[in-house]
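Single-structure report; data block below.
The values are calculated or read from the model by the stated rules, or taken from the named source; none is laboratory data. Treat the numbers as computed from the prediction; the structure is a model and nothing was measured. Cβ coordinates were reconstructed from backbone atoms using ideal geometry, including for glycine residues, and neighbour counts include every protein chain displayed.
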Amino acid sequence: MAQKTTPSSPIKRSGTTAAEPMQEPANLLYDKGNYTWLGISVLVVAFGFVLMSGTTDIYSTTKIVIAPILVLAGFGLGFYALLKKPATK
């Protein structure tokens, strides 16, 4: 059986008192470039949907060819923005 042991003194952690809060820099998963690409992809998808809503002509080339290509390209840019590794400093 495992023996239960207790520490003889409490564990001291530096900077955990109320007078000294620990200040660690936040490590974000993505950098500014990733968010820029993500914003561009949202705009491309939105523009594709605007083109898809277009005029009353259902069979226009813009509605059935160009707009879906723009929407798919926007989703592709979004995946690229999420999978792109941030630049190391």
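Observations on the model:
- Matching residues, the range 50-78, being of a type in the set (Phe, Trp, Tyr) and either touching a residue at least 60 places away in the same chain (Cβ under 8 Å) or surrounded by 13 or more Cβ atoms within 10 Å (Cβ to Cβ) (or both): 75
- Any hit, the range 69-78, residues being over 19 Å from the mean Cα position of the chain (by Cα), modelled with pLDDT of 90 or more and at negative phi: yes
- Subset of the range 28-69 (residues that are farther than 23 Å from residue 85 by Cα, assigned to a helix (DSSP H, G or I) and among the aromatic types (Phe, Trp, Tyr)): 47, 49
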